[in-house]
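Engineer: Here it is: the structure, laid out below.
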Protein chains: 6
Amino acid sequence: MFVYEKRLQYPVKIKNPNPKTAKFIITQYGGPDGELGASLRYLSQRFAMPYPELKAILTDIGVEELGHLEMIGTIVYQLTRNLSIDEIKAGGFEDYFVDHTTGVYPTSASGSPWTAASMQSKGDVITDLMEDMAAEQKARTTYDNILRMVDDPDVKDPIVFLREREIVHFQRFGEGLGITKDKLNRKNLYAINPAFDK
Amino acid sequence: MFVYEKRLQYPVKIKNPNPKTAKFIITQYGGPDGELGASLRYLSQRFAMPYPELKAILTDIGVEELGHLEMIGTIVYQLTRNLSIDEIKAGGFEDYFVDHTTGVYPTSASGSPWTAASMQSKGDVITDLMEDMAAEQKARTTYDNILRMVDDPDVKDPIVFLREREIVHFQRFGEGLGITKDKLNRKNLYAINPAFDK
Amino acid sequence: MFVYEKRLQYPVKIKNPNPKTAKFIITQYGGPDGELGASLRYLSQRFAMPYPELKAILTDIGVEELGHLEMIGTIVYQLTRNLSIDEIKAGGFEDYFVDHTTGVYPTSASGSPWTAASMQSKGDVITDLMEDMAAEQKARTTYDNILRMVDDPDVKDPIVFLREREIVHFQRFGEGLGITKDKLNRKNLYAINPAFDK
Amino acid sequence: MFVYEKRLQYPVKIKNPNPKTAKFIITQYGGPDGELGASLRYLSQRFAMPYPELKAILTDIGVEELGHLEMIGTIVYQLTRNLSIDEIKAGGFEDYFVDHTTGVYPTSASGSPWTAASMQSKGDVITDLMEDMAAEQKARTTYDNILRMVDDPDVKDPIVFLREREIVHFQRFGEGLGITKDKLNRKNLYAINPAFDK
Amino acid sequence: MFVYEKRLQYPVKIKNPNPKTAKFIITQYGGPDGELGASLRYLSQRFAMPYPELKAILTDIGVEELGHLEMIGTIVYQLTRNLSIDEIKAGGFEDYFVDHTTGVYPTSASGSPWTAASMQSKGDVITDLMEDMAAEQKARTTYDNILRMVDDPDVKDPIVFLREREIVHFQRFGEGLGITKDKLNRKNLYAINPAFDK
Amino acid sequence: MFVYEKRLQYPVKIKNPNPKTAKFIITQYGGPDGELGASLRYLSQRFAMPYPELKAILTDIGVEELGHLEMIGTIVYQLTRNLSIDEIKAGGFEDYFVDHTTGVYPTSASGSPWTAASMQSKGDVITDLMEDMAAEQKARTTYDNILRMVDDPDVKDPIVFLREREIVHFQRFGEGLGITKDKLNRKNLYAINPAFDK
């Protein structure tokens, strides 16, 4: 089970609302390569993961990503706080506003609701770890793109933190893949799925 | 941020695998009225919630539902552990197995990946609380349907627990709605959205 | 069966086209909380509704919402009539125009085609009524947001009418819930689903 | 606006429940080529249709299809009335039952919620009429497939009626295409869209 | 099997990047009536097509549409080459950019990922051909709309070519329908599906 | 552009129809990790790929996967050829049959139409290659699962071939990643995207 600790993993303090920026950052809340997908992917995969070390990595990172989801939600919330209707219109935020006011909703930047079709939990150690490493690179690229478009240092600062965590996660999954290959080595690689085959 | 506590909110100990049962219980993992939607709905709505008491209720219940998601994942995992191919075929589990082996994946019973289109975060106190009360009743009905179809007491026991929690949540959201109406009373009900209007 | 009466439930006469406005109002045609979902939700739920009074309420309101769908379609049509390409570009209407010209299509403001995943028909009296009350509040909030963004009185006028109807529907479903609770009172509330249990 | 007439377009009186049959017939309620898509397609296209004769055909057929939707809902309801849990299990109906009890919900036979992505409203007379003719043939084929699988004469009878109506609609849309070509003839065919171009 | 020939079916040489134009042209890559759907529709239908002449038409056109998909991908790529961040922002391209940088991804203009729900493969000769003729008209209309919005002759030129090919395909499918009706004539039209009935 | 060669990459000759097997093998046609997604992923990514060697690998493999899609379509077609209605019912094939007769349609085993949400084209060399390596492992696992469930040697034989090709592709993408890292080495790894940054 999970316990909530009433603080963000890294502080978010944005002084100036900016709906234009909110609209594309929300993709890390509910877009194809965002924190919701990351967290759910790892927390789902861990059930069938056969090795305790890897189960622990998946749980750790999955829980941390939940905290990242909270950080992104906070960024979006602060960027859309106290907006006037004129700011909403000037920021091209009408499409989001009409359906969600300024509530935080899991959608991509272009307004597609999040779908689990963008993640996989395959029940195969090697495959799940490759899926996870790819997911971290996709998240890293999305943060790169956000950093390319954002000027406000209040926004940049937590985004840089989040981008760095993705690289750390990528490396940890890489180590997990190493551990797995060592274990499977003795058997024919890819021919045995310890989560399913006897 | 979130912390993981290495125990389930309520114990799950299923002795006999049963893919037929797993296939419909998974709908509470990734189906339209399941625990993923519940948790994400509340944890998303709390950002724009204007009253601290309600923010606290949403956080509390949202975090508890994450633990319920974990319980359902555990039930599905235990129901599909050590299956033989013959059991998979006899249980009509081929469709799930081919794409996810026995990994846990957020899907409805009929195999549609979870979509955020099944939830709303509307940025309006009254509306969000009504959405939440409806969500709890939908989850309660799904548990009713599971209980109608399941005989194994190892499965029934945690499902009864989960069903009862939904009723408690329903009542808490009802109390939240009462608090909200008191606050909005002085102004014209529905005409003011304290999360957005000044 | 249904009969068409060649007039709108409430008149729509918009003098000035405005694709920017059309683009967000269309969400009440095919968005997550719009009139299509409302109508289809009630007209679907009524089959399994065990009490004639409630079947009648669902049919009445479901049929009225079909008329609201027609009103919204008319608003969108009038707002996009005789547009020049320059007006389409100035109004940010290219994304819609390329796929639908100025035809009316059931989509959300951000361009996601309508999906039945945004509604439920649960086969349980209490649950379906809670779902319906939440749906009315979600539609009401969407109309609130439209009214916050629209200045043209030709558009505001029918939207105000539609918003008021949602509140009336909300109250009627509330009365339906009262009737239902009276009937179920004698049995254990929530433990019996008269549409399914004997 | 629409008026409800309390009778079906063609009577439905099914004596024997059969969840197996219900599960595939529901595809004409909420599947890719079913009555919901038919009705919504025509009722949406008529707004931008430039010729009154064609507007009338679209309205007529769209309203009739609403009545077909009601007939299919009634068939599904009667086929799932008073089921026991054993019948639900024997009929492979668990996946549907867990999420909707025996409520009628707009889904395909394989359990995908209806999506507007399966229809088009293109704002071009010729294109919309071709879309409609194709839709009628797709619905006709689905009814053919149902008739190939169903033995119960109580079910066959209304399905035969519905299949025949699709052929009549196909012919009426074909006539509409003829009318349109006559009107466009004088200008260069396909080069002018009277709903949009001046 | 398929062989790649390293040249486009028709040359694409765009000198001036233009993200605004890229954003709506991409709908012919991954939108509801685009080249991906066209190609996949025909290449899928041909398996069950009972007549060799029609199998050949479907294969020919399906393969040509793959080449059109490549042309559209090239247009999108050239329109987004060497963009600066300022150009991305001025062109309203942030939503696409954040998730795909300037990679080509199969999405509609409004950002919904391509879904096979927008096409059908029905296993019935007449129905599949009607579906195909409607698809060609829908693609033709989309190209019409692109031509209405585009001024750059470098872009117009290949789009005019592609539009003309759709009309040729429409005619070829029409001829295929004629061939089919001749063959089915001797039996009762629509009552026999040669791909399925004996 | 593409050229069709009238032979399969590897022969498919299945003597005995088997709808049960067809129903799960089709997931490699239109499921989350199937050949459609593979082919489209690589053929889409190549536009923005900055290095000619990698562009060539993506084109090669993308075109080969198109041929694999054709092989899977052929397997599904041969497994459903000349089925009687009794065989359709005994094989649990009603859900597919009602909507597609025995036509080949891009769907997952559980009946969700293919969606581009299951793939990514990210416009970043390293990320796209990681995505591709993960995709190959997911396809490999799906083939593993098919082989676990299939006994008929006529089916097993081409599936073994296809599974082996995925491993070869995985290795080629791995080599591509090596080439890329060498090129990026001189700059700060991950900090430069040669497809976008100058």
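Engineer: In segment A:90-119, how many are farther than 30 Å from B:Ile26 by Cα and within 14 Å of chain E (Cβ to nearest Cβ)?
Structural biologist: 7
Engineer: Can you give me the number of residues within segment D:63-106 that are of a type in the set (A, V, I, L, M, F, W, C) and closer than 16 Å to B:Arg148 by Cα?
Structural biologist: The total comes to 7.
Engineer: Let me ask you something else. Tell me whether segment F:35-51 contains one or more residues that are surrounded by fewer than 24 Cβ atoms within 10 Å (Cβ to Cβ), in contact (Cβ under 8 Å) with a residue 40 or more places away in the chain and out of contact with any helix residue (DSSP H, G or I) (no Cβ under 6 Å at 6 or more places or on another chain).
Structural biologist: Scanning segment F:35-51 turns up at least one residue that is surrounded by fewer than 24 Cβ atoms within 10 Å (Cβ to Cβ), in contact (Cβ under 8 Å) with a residue 40 or more places away in the chain and out of contact with any helix residue (DSSP H, G or I) (no Cβ under 6 Å at 6 or more places or on another chain).
Engineer: So if I check each of F:Ser118, F:Ser110, which one is of a type outside the set (Phe, Trp, Tyr) and over 30 Å from E:Thr80 (Cα atoms)?
Structural biologist: F:Ser110
Engineer: Check off (1) hydrophobic (A, V, I, L, M, F, W, C); (2) assigned to a loop (DSSP other than H, G, I, E, B); (3) within 21 Å of B:Met119 (Cα to Cα) for C:Phe196 and give me the number that stays unchecked.
Structural biologist: The failed condition is (3).
Engineer: Now a separate question. What are the pairs, 6+ residues apart or on separate chains, where a residue within segment E:130-141 that is in contact (Cβ under 8 Å) with a residue 24 or more places away in the chain and hydroxyl-bearing (Ser, Thr, Tyr) has its Cβ under 7 Å from a residue that is part of a helix (DSSP H, G or I) and crowded, with 24+ Cβ neighbours inside 10 Å?
Structural biologist: What qualifies is E:Thr141/D:Thr127.
Engineer: Inspect segment B:136-154 for any residue being in a loop (DSSP other than H, G, I, E, B), within 11 Å of chain D (Cβ to nearest Cβ) and surrounded by 22 or more Cβ atoms within 10 Å (Cβ to Cβ) and give the result as yes or no.
Structural biologist: no
Engineer: Return only the number of the condition from (1) facing another protein chain (nearest Cβ under 7 Å); (2) touching a Lys or Arg at 6+ places or on another chain (Cβ under 8 Å); (3) over 16 Å from F:Ile26 (Cβ atoms) that F:Gly123 does not satisfy.
Structural biologist: Unmet for F:Gly123, out of (1) facing another protein chain (nearest Cβ under 7 Å); (2) touching a Lys or Arg at 6+ places or on another chain (Cβ under 8 Å); (3) over 16 Å from F:Ile26 (Cβ atoms): (2).
Engineer: Sticking with this structure for a sec: Can you name the condition, by its number, that B:Asp33 falls short on among (1) of a type in the set (D, E, K, R); (2) outside any loop (DSSP other than H, G, I, E, B); (3) within 14 Å of chain D (Cβ to nearest Cβ)?
Structural biologist: Of the numbered conditions (1) of a type in the set (D, E, K, R); (2) outside any loop (DSSP other than H, G, I, E, B); (3) within 14 Å of chain D (Cβ to nearest Cβ), the odd one out for B:Asp33 is (2).
Engineer: Determine which member of the set E:Arg7, E:Arg41 is under 20 Å from F:Thr115 (Cβ atoms) and of a type in the set (Lys, Arg).
Structural biologist: E:Arg41
Engineer: May I ask you to list the residues in segment F:50-73 that are under 27 Å from E:Thr101 (Cβ atoms) and of a type in the set (Asp, Glu)?
Structural biologist: If the condition is that a residue be under 27 Å from E:Thr101 (Cβ atoms) and of a type in the set (Asp, Glu), then F:Glu53, F:Asp60, F:Glu64, F:Glu65 are the ones that fit.
Engineer: Could you grab me the full set of residues in segment D:155-175 that are surrounded by fewer than 18 Cβ atoms within 10 Å (Cβ to Cβ), under 19 Å from D:Leu129 (Cα atoms) and among the hydrophobic types (A, V, I, L, M, F, W, C)?
Structural biologist: D:Ile167, D:Val168
Engineer: Looking only at segment C:122-135, count how many residues are assigned to a loop (DSSP other than H, G, I, E, B) and of a type in the set (D, E, K, R).
Structural biologist: Number of matching residues: 2.
Engineer: Let me ask something else about it. Among E:Leu66, E:Leu54, E:Leu43, which is at the interface with chain F (Cβ under 7 Å from one of its Cβ atoms) and part of a helix (DSSP H, G or I)?
Structural biologist: Just a single option satisfies the conditions, and that option is E:Leu66.
Engineer: While we're on this one: Only one of A:Lys89, A:Lys6, A:Lys23 is surrounded by 24 or more Cβ atoms within 10 Å (Cβ to Cβ), among the basic types (Lys, Arg) and either in contact (Cβ under 8 Å) with a residue 60 or more places away in the chain or not in a strand (DSSP E or B) (or both); which?
Structural biologist: The conditions single out A:Lys23.
Engineer: Output the number of the condition that C:Tyr77 fails; it satisfies all remaining conditions of (1) part of a loop (DSSP other than H, G, I, E, B); (2) surrounded by fewer than 24 Cβ atoms within 10 Å (Cβ to Cβ).
Structural biologist: All conditions are met except number (1).
Engineer: Inspect segment E:109-121 for any residue being assigned to a helix (DSSP H, G or I), touching a residue at least 60 places away in the same chain (Cβ under 8 Å), within 22 Å of E:Met49 (Cβ to Cβ) and in contact with a His (Cβ under 9 Å, 6 or more places away or on another chain) and give the result as yes or no.
Structural biologist: No: segment E:109-121 contains no residue that is assigned to a helix (DSSP H, G or I), touching a residue at least 60 places away in the same chain (Cβ under 8 Å), within 22 Å of E:Met49 (Cβ to Cβ) and in contact with a His (Cβ under 9 Å, 6 or more places away or on another chain).
Engineer: Give me the pairs: first residue in segment E:149-161 and over 20 Å from C:Phe93 (Cβ atoms), second residue polar (S, T, N, Q) and modelled with pLDDT of 95 or more, beta-carbon distance under 8 Å, and six or more apart or on different chains, which are they?
Structural biologist: Pairs found: E:Asp154/E:Asn16.
Engineer: Within segment B:115-135, how many residues turn out to be of a type in the set (A, V, I, L, M, F, W, C), buried (at least 24 other Cβ atoms within 10 Å of the Cβ) and under 14 Å from the mean Cα position of the chain (by Cα)?
Structural biologist: 4
The values are calculated or read from the model by the stated rules, or taken from the named source; none is laboratory data. These figures come from a predicted structure and were not determined experimentally. FYI the Cβ positions are ideal-geometry reconstructions off the backbone, even for glycines, and counts take in every protein chain you see.
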